[in-house]
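A short write-up of the structure that comes next.
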Amino acid sequence: MAVSDDVTPVVPAAWELAPAEVAGQQGVDPASGLDSGTAAARLERDGPNEVPMHPPAPLWRSVVGQLRDTLVLVLLAAAVLTAITGDVVDTAVIVLVVTVNTVLGVAQERRALREVRALDALVAPTARVTRNGADSWVPTRELVRGDLLRLAAGDVVGADARLVTSVQLQVDEALLTGESQPSARNAAAVSPRPTAMAEQTGMVHAGSTVLAGSGTAVVVATGTHTAIGQVALLVTGHRSPLTPLQRRLSVLGRQISLGVGVACLFFIASGLLRGQPWETTLVAAVALAGAAVPESLPAVVTLALSAGASRMGRRGAVVRSLPAVETLGSVTLLATDKTGTLTEGAMRADRVWTPADGDLPLGPGPFPAATRAVLSAAALCNDADPSGAGPDGAEGTADTETALVRAARDGGVDVAALRRDSPRVSAEPFDAATRRMSTVHRRADGSATVLAKGAPEVLLPGLAGSVAAQRISDAWAAVGGRVLAVTADGALLGLVTFADPVRPEATAAVTALHRAGIDVVLVSGDHAGTAGAVARQVGIVDPDHPPADRVFARVEPAGKLDLVSRWQDAGHVVAMTGDGVNDAPALRAADIGVAMGQRGTEVAKEAADLVLVGDSLATVTAAVAEGRRVFDNVRRFVGYGLAGGLSEVLVMLIGPFLGLALPLLPAQVLWVNLLTHGPVGVAMGGEPAAPDVLRRPPRDPATGVLDRPLVVQLVRNGFALAAVCLAVAAASAAVDGPWQTQLFITLATGQLTLALALRPAGAWTTGRSAGLPWLPIAVAANLVLLAAAVLLPGLADLLGTERISLAETAFAVGPALVPGGLVLLIRAVRSR
């Protein structure tokens, strides 16, 4: 047959056409397939059947993009200033922090490439096709439009194709559509436009698995034009959004930059107006800038996130992106998948109804005779393995056929012996059009019996007892059950309903998330009735939250992505859970993607920020607590660090007006910062969680790190500390005492005691499970270093301090305790 190659490159509505029309449109003879020359020409023209790999951006461009972050620019400015002052140690530390953050950021930008590779690896590496009138195996990447695929049980479909023939064909498209049940496919089916992927019963799609039966199909789309290819484009086309912490730190960086610039300009102007030499003024301004910039903030954030990730890992949540730790603490809405997340992902025969025995739950037998007859007939009119092994050979998975065999087996029926005693004579396989399967069996006496199972609306009409059976069927269907009727020789035996069981911990997990103020919605590719029933079972739907607001069914990949974008536009911080290919774009676009570790595909895991090892939503609750703990600690350090910086700025600005020409030397300022912002800051990042961490609503996503309560607190603490420092220095200067050394001691001690006072409620009473009290240990160690700065001759000469008496030391240390005591007093008053 002469084959024309003048065809449309892509046929997006092949399901609308009959097989013969599709074959003609694609220029292929269904009997002999393409010839080798035509296949080679199409491969050359259309390219290989794979997701194209886009070359990554140059490394230098990624590095520059990271260095343009506002807070990083502030850090680089701090590095320059510390280098000007000759503080090599501080300069090296800041440069190291910038380097680490840049490396982590560049590594995260490369994630999209790995996700696309995982999508590509999902497709079968070889496919059986008919070319030149003969069957052959070709690499999947060499499939072209018009190729005639030969499909059999166990095959992974290599490209989107229109069925030409089908015999009892069932495919698993759960990873593409979210459909929990095997999908029957029928070559004769023609679907209207528009039709959801799960309803395109005349099509098979790349990445789906053939569970049973056989068929032939004409390839109509390859590469990025396939359904899985479109998923790949959705993944690569959306970058992960900035996390809430990244957005807040960006705002904070701009605020710090503006504040430092204004303060330095004011300080230089006031010094020059007082006639101070410009060299001294510039050195003091550098010290002022160094004091105002909390250069250890990125290190505190990174180490706090790392510690949180480690703790979450011990609870069964593997963090793939450090900012995801904090993001979970900001989540306001969790969009969860159904199959494998809220449910176990395995079909189970749930209940049986017979006219004689009524409605009975299924489980271990024995059962009454009528119920046993239904299960025996369903196991005979059945192609599943008599042992009850699932399609993949495992006991944990099950389609409808396998679920029926297991129900019979668990009820005491020896399925293998039953099939030997009643051998099959003929069969009419299940078909999507007839929605029934029937088999003929030979009894021991030589007579024949005809068994059938299928949709109740197909088998029940006209049978005795059909009215009562239809009433039961409608009730089961209303709660999301899938119902089959079973007949023998034209008489009704009974009904069986199936369920994908809800995971035991799902309800408690949803309740805990609600208690934490997080909205939970169900997004699934499954039927609306099934999704709604599961949502009601686990508590997502209740009288205050109707299904219309909480359940989104029959959602395809692009639809999930649209939902995530819509929620984000409404101001939500969105977490999305999922396990299949169809979830990958939404996992990538969500503020945090959560993949299932056991059932999840590599595609979902690569797209996610967090992988739950045990596939349990309960782990999400623990992860939310860790996220909130991390943000609380980072926020506490920001308030502490800026209060200390404010106090230093006030001392440097007001001191000259009190007769203190240069209150602190640059080296003294940097030493104070090293003591108060280094190990102490890192220790603050690991403080235990507050008792109410899961009993309060999520933070407002629009609220920055410096919200009004924190600003009030840091201003109060900063002014209090500056006041006592200036009072000590002025009083000492009035009697010609060592005022600068005393001011140095008061400032450092006041900040260290303030760190202890700011610990969360209950931190002092936390048991050993929280680990060592690193903050008190860090404060004690730094007090020793503070003493060394005054007592060690070499260090004292470097910093410009002098040895003072015990009484002079007490005069400096006593007032330093006042700001911390004020914090404790205010907390005690508020707690009452």
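Residue check, residue 766 against (1) at pLDDT below 95; (2) surrounded by 13 or more Cβ atoms within 10 Å (Cβ to Cβ); (3) farther than 21 Å from residue 692 by Cβ; (4) of a type in the set (S, T, N, Q), all met but one. Which one?
Every listed condition holds for residue 766 apart from (3).
I need the full set of residues from the range 432-454 which are surrounded by fewer than 19 Cβ atoms within 10 Å (Cβ to Cβ) and either within 23 Å of residue 497 (Cα to Cα) or of a type in the set (S, T, N, Q) (or both), in order please.
Hits for the range 432-454 are 432, 433, 434, 435, 438, 447, 449, 450.
Does residue 500 satisfy the condition of being over 16 Å from residue 550 (Cβ atoms), open to solvent by 50 Å² or more (accessible area, probe 1.4 Å) and of a type in the set (D, E, K, R)? Please lay out each step first, then the result.
Working: over 16 Å from residue 550 (Cβ atoms): yes; open to solvent by 50 Å² or more (accessible area, probe 1.4 Å): no; of a type in the set (D, E, K, R): yes.
Against the criterion (over 16 Å from residue 550 (Cβ atoms), open to solvent by 50 Å² or more (accessible area, probe 1.4 Å) and of a type in the set (D, E, K, R)), residue 500 does not qualify.
Give me a count of the residues in the range 810-829 that are loosely packed, with under 13 Cβ neighbours inside 10 Å and either in contact with a Pro (Cβ under 6 Å, 6 or more places away or on another chain) or under 19 Å from residue 739 (Cα atoms) (or both).
1
Can you tell me which of (1) touching a Phe, Trp or Tyr at 6+ places or on another chain (Cβ under 7 Å); (2) aliphatic (A, V, I, L, M); (3) open to solvent by 20 Å² or more (accessible area, probe 1.4 Å) is the one residue 683 doesn't meet?
Checking residue 683 against (1) touching a Phe, Trp or Tyr at 6+ places or on another chain (Cβ under 7 Å); (2) aliphatic (A, V, I, L, M); (3) open to solvent by 20 Å² or more (accessible area, probe 1.4 Å), the one that fails is (3).
Return yes when residue 627 is in contact (Cβ under 8 Å) with a residue 12 or more places away in the chain and in a helix (DSSP H, G or I) and no when it is not.
On the way: in contact (Cβ under 8 Å) with a residue 12 or more places away in the chain: yes; in a helix (DSSP H, G or I): yes.
It is true that residue 627 is in contact (Cβ under 8 Å) with a residue 12 or more places away in the chain and in a helix (DSSP H, G or I).
Does residue 465 satisfy being open to solvent by less than 50 Å² (accessible area, probe 1.4 Å) and under 20 Å from residue 381 (Cβ atoms)?
The answer is yes for residue 465.
Only one of (1) open to solvent by 40 Å² or more (accessible area, probe 1.4 Å); (2) within 15 Å of residue 339 (Cβ to Cβ) is not met by residue 546, so which one is it?
(2)
Of all residues in the range 752-763, count the ones that are closer than 14 Å to residue 820 by Cβ and either at pLDDT below 70 or open to solvent by 40 Å² or more (accessible area, probe 1.4 Å) (or both).
Number of matching residues: 1.
Residue 254: surrounded by 24 or more Cβ atoms within 10 Å (Cβ to Cβ), in a helix (DSSP H, G or I), of a type in the set (Lys, Arg) and at pLDDT below 75, yes or no?
When the stated conditions are applied, residue 254 does not pass them.
Check whether at least one residue in the range 491-508 is in contact (Cβ under 8 Å) with a residue 60 or more places away in the chain, assigned to a helix (DSSP H, G or I) and out of contact with any strand residue (DSSP E or B) (no Cβ under 9 Å at 6 or more places or on another chain), and report yes or no. Don't jump to the end; show me each part of the working.
The initial filter retains those residues of the range 491-508 that are in contact (Cβ under 8 Å) with a residue 60 or more places away in the chain, namely 492-503, 505-506, 508.
Next, only the ones that are assigned to a helix (DSSP H, G or I) stay: 506, 508.
Going one step further and asking which of them are out of contact with any strand residue (DSSP E or B) (no Cβ under 9 Å at 6 or more places or on another chain), we end up with 508.
Looking through the range 491-508, at least one residue is in contact (Cβ under 8 Å) with a residue 60 or more places away in the chain, assigned to a helix (DSSP H, G or I) and out of contact with any strand residue (DSSP E or B) (no Cβ under 9 Å at 6 or more places or on another chain).
Give the range 534-577 a look and list any residue that's in a loop (DSSP other than H, G, I, E, B) and touching a residue at least 24 places away in the same chain (Cβ under 8 Å), or say none.
539, 540, 553, 554, 555, 556, 571, 572, 573, listed by residue number.
Among the residues of the range 681-721, write down those that are among the polar types (S, T, N, Q) and in a loop (DSSP other than H, G, I, E, B).
703
Restricting to the range 270-284, count the residues that are open to solvent by less than 50 Å² (accessible area, probe 1.4 Å) and modelled with pLDDT of 70 or more.
4
May I ask you to say which residue of 469, 531, 477 is over 30 Å from residue 565 (Cα atoms), at pLDDT below 85, touching a strand residue (DSSP E or B) at 6+ places or on another chain (Cβ under 9 Å) and part of a helix (DSSP H, G or I)?
477
Could you please find all residues in the range 786-809 being crowded, with 16+ Cβ neighbours inside 10 Å and assigned to a helix (DSSP H, G or I)?
Passing the criteria: 786, 789, 790, 796, 799, 808, 809.
With respect to residue 351, determine if the residue is modelled with pLDDT of 75 or more and in a helix (DSSP H, G or I).
Numbers: modelled with pLDDT of 75 or more: yes; in a helix (DSSP H, G or I): no.
When the stated conditions are applied, residue 351 does not pass them.
Pick from the range 295-334 the residues that are assigned to a loop (DSSP other than H, G, I, E, B) and surrounded by 24 or more Cβ atoms within 10 Å (Cβ to Cβ): which of them is modelled with the lowest pLDDT?
Ranking the candidates gives 295 first.
Quick one: residue 710 ticks every box in (1) open to solvent by 20 Å² or more (accessible area, probe 1.4 Å); (2) modelled with pLDDT under 95 except a single one, so which number is it?
Single failed check for residue 710: (1).
Taking the range 639-680, which residues are over 30 Å from residue 831 (Cβ atoms) and open to solvent by less than 10 Å² (accessible area, probe 1.4 Å)?
648, 651, 652, 655, 660, 663, 664, 668, 669, 672, 673, 675
Matching residues to (1) modelled with pLDDT of 85 or more; (2) part of a loop (DSSP other than H, G, I, E, B); (3) under 26 Å from residue 203 (Cβ atoms):
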| position | (1), (2), (3) |
| --- | --- |
| 28 | yes, yes, yes |
| 37 | yes, no, no |
| 41 | yes, no, yes |
| 45 | yes, no, yes |
| 49 | yes, yes, yes |
| 55 | no, yes, no |
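Is it fair to say residue 514 is modelled with pLDDT under 90 and open to solvent by 50 Å² or more (accessible area, probe 1.4 Å)?
Criteria not met by residue 514.
The values are calculated or read from the model by the stated rules, or taken from the named source; none is laboratory data. This is a predicted model, so every value here is computed, not measured. Neighbour counts run over all protein chains shown; Cβ positions are idealised from the backbone, glycine included. For accessibility, only protein heavy atoms count, side chains too; no ligands or nucleic acids. Shrake-Rupley method; radii C 1.70, N 1.55, O 1.52, S 1.80 Å.
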